[in-house]
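J.: Have a look at this one.
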Amino acid sequence: MSIPLILFIVCALLAIGGAVALILAREPIHSALALILVMMSLAVLYLLLGSPFIAAVQILVYAGAIMVLFVFVIMLLNEGVEERTNFSRLAKYVGLPLGFFLLLEFGHWLAHSPAGAVIANGAGASGQAADTAKLSEQLFRQYLFPFEATSILILIAILGALVLARKEE
Amino acid sequence: MGFITQHPVLVVSLVKIAVLLFIVMTALAYLTWLERKVIAHIQSRWGPYYVGAHGLLQPLADGLKFMFKEDVTPPVSDRLVYTLAPFLALALSLTAIALIPFGPPSVQLLGQPVFVVSNVDIGLLFLFSITSIGVYGVALAGWSSNSKYSLMGGLRSSAQMISYEVSLTISVVGVLLLAGSLSFNEIIEGQRGSFFLHWNILHIGRGFFPQIIGFLCYLTAAIAETNRIPFDLPEAETELVAGFHTEYSSFKFAMFFMAEYANMITVSCLATILFLGGWLSPFPDSWTWQLWLPGAGLILLGIYCAYDTVKTMRGIAQLQFAVVTLLALGGGALCLLPPVAGIIQGVFWFTAKILAILFFYIWMRATLPRFRYDQLMSFGWKLLLPVSLANLVLTALVIVWPMLVRHG
């Protein structure tokens with residue numbers, strides 16, 4: 001077994017384990033920690049796919065900024081453990097099989113599509129690592145409009161948060 | 001032997017990690033000694049003096065003491081997170097140091113550069129992503145202790161680190177624009193010139209904007225990021241007992257301490273690389289006598305130690321200081337050998353610059369009082385952030401100005 005394959009298996013298992021722990025944990029902070037674990041494992045997977053920039057940004061933005069805010073808010077409110085309601089019967093008998101079916105279908109599609117082949121061969125191993133200059137060239141030339149549109153969207157969201165958080169006078 | 005030649009990267013990396021870990025741990029221990037000594041002398045005291053000559057064995061004694069103290073876990077704490085937090089803090093702060101190049105990449109062993117553990121193309125981005133998750137150690141420690149003081153400390157620290165991280169990152173972007181790269185080696189090579197005037201902090205020229213404002217913003221934000229005085233609100237003794245690590249004892253407490261000092265070293269390294277020319281010498285390459293500077297410095301130190309040994313030391317301290325003298329003289333002689341002098345040149349300048357910044361840190365701690373919490377927040381958001389943003393805009397304008405003029 002090659003080192004990248006071992007890394008992939010370990011990180012994939014960690015990501016799945018983290019995702020399951022996120023749902024099952026009753027303490028909100030434990031859920032947040034599990035989510036951080038998922039994000040870090042995903043970052044390693046991006047690294048294996050030959051995209052160190054995306055991996056670093058994944059950690060920087062999600063684990064380093066967004067999740068810090070999550071943890072901060074949970075600490076600030078310091079709510080107790082979550083209360084469990086019983087499983088809704090619909091979710092149990094329809095949702096679970098449907099979810100399982102979706103997973104199978106997605107796996108089947110990935111195994112037979114060109115995108116799946118690229119991932120399976122390992123883009124990082126073939127030396128096609130995307131460097132930062134190329135990425136920014138694409139982002140600021142070809143995809144300039146979506147990029148700017150997204151920034152305006154984020155600005156609007158910030159203004160919305162400000163309006164909502166402002167105290168009534 | 002066959003394994004070594006087949007996997008040079010793996011073997012060399014493991015050796016480098018082991019050596020670096022040893023050096024960093026020793027440096028951390030003696031940084032505490034240096035801090036106590038410098039603060040003591042600023043305040044007209046002696047500082048550690050009795051454990052070993054000049055208190056040189058004090059860090060060792062402290063380490064042993066921490067190991068043998070009782071490790072108390074509060075029964076109401078969240079055990080898993082409580083244990084995880086110090087490990088997280090220390091592991092992350094040590095990982096960051098693995099990305100730092102301490103010397104030029106031209107010094108190689110088995111085809112691998114010696115002075116950096118992991119030479120990453122986007123080193124700066126990786127470093128920031130590692131330091132950005134460093135806040136969890138402090139925040140989780142504060143939460144899991146289940147104590148009011150700890151929680152307040154953890155909350156303050158997360159808020160402070162989020163706020164100052166913005167200014168920290170933006171103050172560095174100016175350097176990135178000048179270097180056009182995220183790789184540490186390229187950023188340092190871009191500052192090569194005949195004199196220290198080519199370092200990013202001072203470089204004036206066509207298409208260059210001196211990053212002195214960026215450097216000051218970076219230094220301020222870095223002190224806040226490492227929770228040091230005057231920004232040590234998370235552990236303000238007068239308000240919060242000891243802040244986020246109130247409930248920690250024994251070696252877990254020592255781990256937070258080590259993490260704090262490791263973070264200090266990391267931000268000093270980063271300041272050196274980005275603004276002060278990294279492992280470049282401040283003198284032109286044609287001045288060949290600078291090769292002998294490290295050796296000469298050590299031998300001068302050795303001579304002073306010899307004088308001190310004979311003149312002021314008595315008893316066991318005299319014996320201990322004689323060993324220090326011999327080490328300094330022997331090291332100095334070794335550094336005067338031509339091949340060794342060439343190899344350690346870069347590391348010598350890098351270390352000298354880091355020590356200067358660390359001394360500045362300690363000096364600040366001995367001089368300044370603590371901020372009030374609202375002052376801290378308004379300083380970060382209303383002064384530091386606009387200034388670093390202005391620095392970024394100015395740098396970008398200076399860089400694109402020739403293009404703007406040419407195209408009308």
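The values are calculated or read from the model by the stated rules, or taken from the named source; none is laboratory data. Computed from a predicted model, the values in this text were never measured in an experiment. No Cβ is skipped: glycine too gets one built from the backbone with ideal geometry, and neighbour counts run over all protein chains shown. Surface accessibility is based on the protein's heavy atoms, side chains included, excluding ligands, DNA and RNA. Shrake-Rupley method; radii C 1.70, N 1.55, O 1.52, S 1.80 Å.
J.: Across every pair of different alpha-carbon atoms, what Kirkwood hydrodynamic radius in Å does segment B:271-329 reach? Don't jump to the answer; show the numbers that get you there.
T.: Details: mean 1/r = 0.0730 Å⁻¹.
Across segment B:271-329, the inverse of the average 1/r is 13.7 Å.
J.: Can you tell me the length gained on complete extension of the stretch B:LEU337 to B:ILE39, counting 0.36 nm per residue apart and subtracting the Cα distance?
T.: Result for the pair: 103.7 nm of gain on full extension.
J.: Rank-order A:26-37, B:285-296 by packing density, defined as the average count of other C-beta atoms within 10 Å over each peptide's residues, highest first. Working shown, then result.
T.: On the way: A:26-37: 19.0, B:285-296: 14.0.
The packing order, highest mean first, is A:26-37, B:285-296.
J.: Can you give the mean number of other chain Cβ atoms that lie within 10 Å of the Cβ atoms in peptide B:136-144?
T.: Shielding by partners across B:136-144 averages 3.
J.: Are there any residues in segment B:149-179 with a reduction of at least 50 Å² in accessible surface when going from the isolated chain to the assembly of protein chains? Probe 1.4 Å, please list them by number.
T.: Buried-area filter returns B:LEU155, B:ILE162.
J.: At a probe radius of 1.4 Å, figure out the B/A buried accessible area, summed over both chains, and give it in Å² to the nearest 100.
T.: Numbers: alone 20400 and 13510 Å², together 31860 Å².
What B and A bury together is about 2000 Å².
J.: Next question, about the same structure. According to the Kirkwood expression over distinct Cα-Cα pairs, how big is the hydrodynamic radius of segment B:106-167, in Å?
T.: One decimal place: 14.1 Å for the Kirkwood radius.
J.: Of B:ILE100, B:PRO59, B:VAL135, whose Cα points farthest to the positive end of the dipole of the protein assembly as shown (charges on the beta-carbon: +1 Lys, Arg; -1 Asp, Glu; origin at the Cα centre)?
T.: Positive-most Cα among the choices belongs to B:PRO59.
J.: Where in chain B are the helices, taken as whole DSSP H runs, whose Cα atoms extend 30 angstrom or more along the long axis and whose Kyte-Doolittle mean reaches at least 0.5?
T.: Details: long enough: B:8-42 (49 Å, 1.74); B:148-179 (46 Å, 0.98); B:250-275 (38 Å, 1.35); B:316-336 (31 Å, 1.87); B:338-367 (42 Å, 1.28); B:385-406 (32 Å, 1.83).
Long hydrophobic helices here: B:8-42, B:148-179, B:250-275, B:316-336, B:338-367, B:385-406.
J.: In the P(r) worked out for segment A:1-83, what percent of Cα pairs fall beyond 14 Å? Before the final figure, lay out each step's value.
T.: Details: 2218 of 3403 pairs.
In whole percent, the share of Cα-Cα pairs in segment A:1-83 beyond 14 Å is 65.
J.: Once R0 is set to 56 Å, what does the formula 1/(1 + (r/R0)^6) return for the Cβ-Cβ distance between B:LEU300 and A:GLU27, expressed as a FRET efficiency to the nearest 0.05?
T.: Numbers: r = 59 Å, r/R0 = 1.05.
Efficiency computed from Cβ-Cβ geometry: 0.45.
J.: Report the local net charge at B:ILE42: Lys and Arg +1, Asp and Glu -1, summed over other residues whose C-beta lies under 13 Å from its C-beta.
T.: +3
J.: Per DSSP H run of n ≥ 4, the term is -39500 (n - 2.57); total these for the protein assembly as shown, divide by its residue number, and report the mean residue ellipticity at 222 nm rounded to 500 deg cm²/dmol.
T.: Details: 24 runs with 383 residues, N = 577.
Result for the protein assembly as shown, helices only: -22000 deg cm²/dmol.
J.: Only Cα pairs under 8 Å and at least 6 apart count here; give the relative contact order of chain B as a rounded whole percent. All intermediate terms of the calculation are to be shown ahead of the outcome.
T.: On the way: 569 pairs, mean separation 85.9, N = 408.
With pairs under 8 Å counted, the relative contact order is 21 percent.
J.: Give the relative contact order (percent, whole number) for chain A; include only Cα pairs under 8 Å separated by 6+ residues. All intermediate terms of the calculation are to be shown ahead of the outcome.
T.: Working: 107 pairs, mean separation 37.3, N = 169.
Answer for chain A is 22 percent.
J.: Given 20 °C and 1.002 mPa s, compute D for the protein assembly as shown with the Stokes-Einstein relation, Rh being the Kirkwood radius over Cα pairs; round to the nearest whole µm²/s.
T.: Values: Rh = 26.8 Å.
Roughly 80 µm²/s, to the nearest whole number.
J.: Same structure again: Quick check: the distance between the Cα centres of segment B:336-352 and segment B:245-310, to the nearest angstrom?
T.: The distance from the Cα centre of segment B:336-352 to that of segment B:245-310 comes to 14 Å.
J.: Which is farthest toward the positive dipole end of chain A among A:SER41, A:LEU153, A:GLY99, measuring Cα position about the Cα centre, with Cβ charges +1 (Lys, Arg) and -1 (Asp, Glu)?
T.: Positive-end residue among those listed: A:GLY99.
J.: Another one. So how do B:335-342, B:225-232 stack up, highest first, on mean other-Cβ count within 10 Å?
T.: In descending order of packing, they fall as B:225-232, B:335-342.
J.: What whole-number value in Å² describes the accessible area per residue of segment A:1-83 for a 1.4 Å probe?
T.: Working: 4490 Å² over 83 residues.
Averaged over the residues of segment A:1-83, the accessible area is 54 Å².
J.: State the Kirkwood hydrodynamic radius of segment B:238-390 in Å, one decimal place, computed from all pairs of distinct Cα atoms.
T.: Details: mean 1/r = 0.0510 Å⁻¹.
Taking the inverse mean of 1/r over all distinct Cα pairs, segment B:238-390 comes out at 19.6 Å.
J.: Over the Cα atoms, compute the radius of gyration (one decimal) and Dmax (the largest Cα-Cα distance, rounded to a whole number) for segment B:1-160, in Å.
T.: 20.0, 59
J.: A further question on this structure: For segment B:21-171, which whole percent of the accessible surface, found with a 1.4 angstrom probe, sits on carbon and sulfur atoms?
T.: Details: 4670 of 6760 Å².
It is 69 percent, rounded to a whole number.
J.: I've got another one for you. Percent relative contact order of segment B:300-402, based on C-alpha pairs within less than 8 angstrom and at least six residues apart? Before the final figure, lay out the partial values.
T.: Details: 25 pairs, mean separation 18.1, N = 103.
Rounded, it is 18 percent for segment B:300-402.
J.: Across bins of 10 angstrom width beginning at 0, how are the C-alpha pair distances of chain A distributed, in whole percent?
T.: 8, 21, 32, 28, 10, 1, 0
J.: Quantify how strongly other chains surround peptide A:55-68 by giving the mean number of their Cβ atoms within 10 Å of each of its Cβ atoms. Spell out each step's value before the answer.
T.: Working: counts 4, 11, 3, 1, 7, 10, 2, 2, 4, 12, 6, 0, 3, 10.
Per-residue shielding by partner chains comes out at 5.
J.: Which of the listed residues, B:LEU182, B:PHE68, B:THR83, is farthest toward the dipole's positive end in the protein assembly as shown, when Lys, Arg count +1 and Asp, Glu count -1 at the beta-carbon?
T.: Positive-most Cα among the choices belongs to B:PHE68.
J.: Can you tell me the equivalent ellipsoid semi-axes for chain B? Use √(5λ) from the Cα gyration tensor, largest first, whole Å.
T.: On the way: eigenvalues 220, 200, 97 Å².
Semi-axis lengths for chain B are 33, 32, 22 Å.
J.: Counting only heavy atoms of protein chains, what accessible area per residue, in Å², does chain B have with a probe of 1.4 Å? Don't skip to the end; give the middle numbers.
T.: On the way: 19360 Å² over 408 residues.
Per residue, chain B has an accessible area of 47 Å².
J.: Continuing with this model, one more query. What does the structure give for A:31-44 when I average, per residue, the other chain Cβ atoms found within 10 Å of the residue Cβ? Spell out each step's value before the answer.
T.: On the way: counts 0, 2, 6, 0, 0, 2, 0, 0, 1, 1, 0, 0, 1, 0.
That works out to 1 on average.
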